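All remarks here apply to the structure that follows.
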Amino acid sequence: MNPTPNFRGYFPAIVCVVCDSPIDALVALCVPRDEAMMLVTASWGSGETECIVATLHGGRPIAVLRTPEGRWAACNAFLDEMFATPQEAGRRLDRLLRRGRRGYVGYLPHGPDAAIAFKKYN
């Protein structure tokens, strides 16, 4: 039995704040600045990435997603279930969004350290 959960697929993410850099977005989600810098550096090891996923102390998953405008959305990520298609994740995101909140669908191709794509949902 594989003890590692399957972190491959699409996931909904609710925007908390939009920032100018991925480091600022991680700091806005309560990641210490030095750890945020290490996460960003590690994520760009194989080229520039468009999504960074992490788990805060206490187990809350977060994601920082590059927006179509080139900014960075600091998001609460819902990694409890991964979806095979962006449409499925978008339907779940629609159920999660309320009171004018914005969200995105993120994509993890191989694991939490390899997030590269997303689709915007309002």
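The values are calculated or read from the model by the stated rules, or taken from the named source; none is laboratory data. For clarity, every value in this text was computed on a predicted model and none was experimentally measured. Glycine also receives a Cβ, built like all others from the backbone with ideal geometry; neighbour counts cover every protein chain displayed.
On the basis of being surrounded by fewer than 14 Cβ atoms within 10 Å (Cβ to Cβ) and over 25 Å from SER21 (Cβ atoms), does ALA84 make the cut? Judged against the criteria, ALA84 is a match. Taken over region 12-44, the residue count meeting the criterion of being surrounded by fewer than 17 Cβ atoms within 10 Å (Cβ to Cβ), in contact (Cβ under 8 Å) with a residue 40 or more places away in the chain and not in a strand (DSSP E or B) is 3.
Residue-by-condition table, conditions (1) part of a loop (DSSP other than H, G, I, E, B); (2) of a type outside the set (Lys, Arg); (3) at pLDDT 95 or above:
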position	(1), (2), (3)
ASP80	yes, yes, no
ARG95	no, no, no
ARG98	yes, no, no
ARG101	yes, no, no
HIS110	yes, yes, no
LYS119	no, no, no
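Which residue is farthest from GLY103 (Cα to Cα), if the candidates are limited to region 45-76 and must be in a strand (DSSP E or B) and β-branched (Val, Ile, Thr)? So the residue we want is THR55.
For MET37, the conditions (1) in contact with a helix residue (DSSP H, G or I) (Cβ under 9 Å, 6 or more places away or on another chain); (2) modelled with pLDDT under 90; (3) at negative phi are fulfilled apart from (2). Pairs under 9 Å by beta carbon, first residue free of Cβ contacts under 8 Å to residues at least 24 places away in the same chain and of a type in the set (Asp, Glu) in region 55-72, partner surrounded by 12 or more Cβ atoms within 10 Å (Cβ to Cβ) and not in a loop (DSSP other than H, G, I, E, B), six or more apart or different chains? From residues that are free of Cβ contacts under 8 Å to residues at least 24 places away in the same chain and of a type in the set (Asp, Glu), the pairs are GLU69/VAL18. Taken as a whole, region 39-55 holds at least one residue that is in contact with a strand residue (DSSP E or B) (Cβ under 6 Å, 6 or more places away or on another chain) and of a type in the set (Asp, Glu). Selection of region 56-86 for residues being more than 13 Å from PHE11 (Cβ to Cβ) and not hydrophobic (A, V, I, L, M, F, W, C) yields HIS57, GLY58, GLY59, ARG60, ARG66, THR67, PRO68, GLU69, GLY70, ARG71.
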